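Accompanying notes for the structure given below.
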Amino acid sequence: MREIVVMAGAAVVSWLAATALFGTLFTGVGVEILAGMIGPLFAASVTWVLAERTYSLNPERLTPLMITAFACKLVFFGAYVTVALKVLSLRPVPFMLSFTFYFIALYLIEALYLKRLFSGSAPALQ
């Protein structure tokens, strides 16, 4: 759970910083930045919880879980971006820049957490 708090904390702090920085240049850009953050943060958090629990209970089930999660995320992100751009009518450029940044950053963090989990230096699930 600590890993999710770190990911969420870093995301929120960076959102506040980006909104303060770019909000002076572009009115209302904080909403697009926030929307670009929420989807990747949700998906990375859910994936991390599932991966950590699965690995601690039955490590050989992790690969099938990650393949299934990948397929689910394809559908989720397709729907998420469509809703953000078509239904919510967010401005595409700030939303997609934010989405891309958070997607890459959060999945990099998750990959580092997975590496630590596989090396055995991660704390056991309580």
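Can you pull out every residue in the range 1-13 that is over 13 Å from the mean Cα position of the chain (by Cα) and assigned to a helix (DSSP H, G or I)?
At the first step, the residues of the range 1-13 found to be over 13 Å from the mean Cα position of the chain (by Cα) are 1-2, 13.
Arg2, Val13 - these are the residues of the range 1-13 that are over 13 Å from the mean Cα position of the chain (by Cα) and assigned to a helix (DSSP H, G or I).
Given the condition part of a helix (DSSP H, G or I) and more than 21 Å from Ser89 (Cβ to Cβ), answer yes or no: does some residue in the range 21-32 qualify? So that I can check it myself, show each step before the final result.
At the first step, the residues of the range 21-32 found to be part of a helix (DSSP H, G or I) are 21-23, 29-32.
Keeping just the survivors that are more than 21 Å from Ser89 (Cβ to Cβ) gives 21.
Checked the range 21-32: at least one residue is part of a helix (DSSP H, G or I) and more than 21 Å from Ser89 (Cβ to Cβ).
Considering each of Leu74, Leu57, Leu65 in turn, give the residue that is free of Cβ contacts under 8 Å to residues at least 40 places away in the same chain, surrounded by 16 or more Cβ atoms within 10 Å (Cβ to Cβ) and of a type in the set (A, V, I, L, M). Reasoning before the result, please.
Values: Leu74 fails: surrounded by 16 or more Cβ atoms within 10 Å (Cβ to Cβ); Leu57 fails: surrounded by 16 or more Cβ atoms within 10 Å (Cβ to Cβ).
Residue meeting the stated conditions: Leu65.
Can Ala43 be described as assigned to a helix (DSSP H, G or I) and within 13 Å of the chain's Cα centre (by Cα)? Outline the logic, then answer.
Values: assigned to a helix (DSSP H, G or I): yes; within 13 Å of the chain's Cα centre (by Cα): yes.
Here the answer is yes, as Ala43 does meet what is asked.
Among the residues of the range 85-126 satisfying the criterion of being charged (D, E, K, R) and surrounded by fewer than 17 Cβ atoms within 10 Å (Cβ to Cβ), which is modelled with the highest pLDDT? Walk me through how you get there before you give the answer.
Taking the range 85-126 and keeping what is charged (D, E, K, R), we get 86, 91, 110, 115-116.
Pick out the ones that are also surrounded by fewer than 17 Cβ atoms within 10 Å (Cβ to Cβ) and you get 86, 91, 115-116.
Working: Lys86: 97, Arg91: 94, Lys115: 93, Arg116: 92.
Within the range 85-126, the match that is modelled with the highest pLDDT is Lys86.
Of the conditions (1) modelled with pLDDT of 95 or more; (2) surrounded by fewer than 18 Cβ atoms within 10 Å (Cβ to Cβ), Phe22 clears all except one; give me its number.
With (1) modelled with pLDDT of 95 or more; (2) surrounded by fewer than 18 Cβ atoms within 10 Å (Cβ to Cβ) applied to Phe22, the lone miss is (1).
Would the range 56-71 turn up any residue that is aliphatic (A, V, I, L, M) and more than 20 Å from Lys115 (Cβ to Cβ)?
Step one: list which residues in the range 56-71 are aliphatic (A, V, I, L, M), which gives 57, 62, 65-67, 69, 71.
Within this subset, residues satisfying the condition of being more than 20 Å from Lys115 (Cβ to Cβ) are 71.
Yes, the conditions are met somewhere in the range 56-71.
Of the residues Leu112, Leu108, Leu62, Leu74, which single one is touching a helix residue (DSSP H, G or I) at 6+ places or on another chain (Cβ under 8 Å) and not β-branched (Val, Ile, Thr)?
Leu62
Would you confirm, using the coordinates I've provided, whether Leu74 is under 19 Å from the mean Cα position of the chain (by Cα), assigned to a helix (DSSP H, G or I) and under 18 Å from Val6 (Cβ atoms)? Working first, answer last.
On the way: under 19 Å from the mean Cα position of the chain (by Cα): yes; assigned to a helix (DSSP H, G or I): yes; under 18 Å from Val6 (Cβ atoms): no.
Judged against the criteria, Leu74 is not a match.
Within the group Leu85, Leu97, Leu112, which residue is in a helix (DSSP H, G or I), of a type in the set (A, V, I, L, M) and under 24 Å from Arg2 (Cα atoms)? Don't jump to the end; show me each part of the working.
Details: Leu85 fails: under 24 Å from Arg2 (Cα atoms); Leu97 fails: under 24 Å from Arg2 (Cα atoms).
Selected residue: Leu112, the only one of Leu85, Leu97, Leu112 that is in a helix (DSSP H, G or I), of a type in the set (A, V, I, L, M) and under 24 Å from Arg2 (Cα atoms).
So the check is Cβ under 7 Å with 6+ separation or different chains; which pairs have a first residue in the range 14-40 that's within 21 Å of Val87 (Cα to Cα) and a second one that's surrounded by fewer than 18 Cβ atoms within 10 Å (Cβ to Cβ) and among the charged types (D, E, K, R)?
From the range 14-40, the pairs are Glu32/Arg91.
The values are calculated or read from the model by the stated rules, or taken from the named source; none is laboratory data. Since the structure is predicted, the reported quantities are computational estimates derived from the model, not experimental observations. Cβ atoms come from the backbone with ideal geometry, glycine included; neighbour counts cover every protein chain shown.
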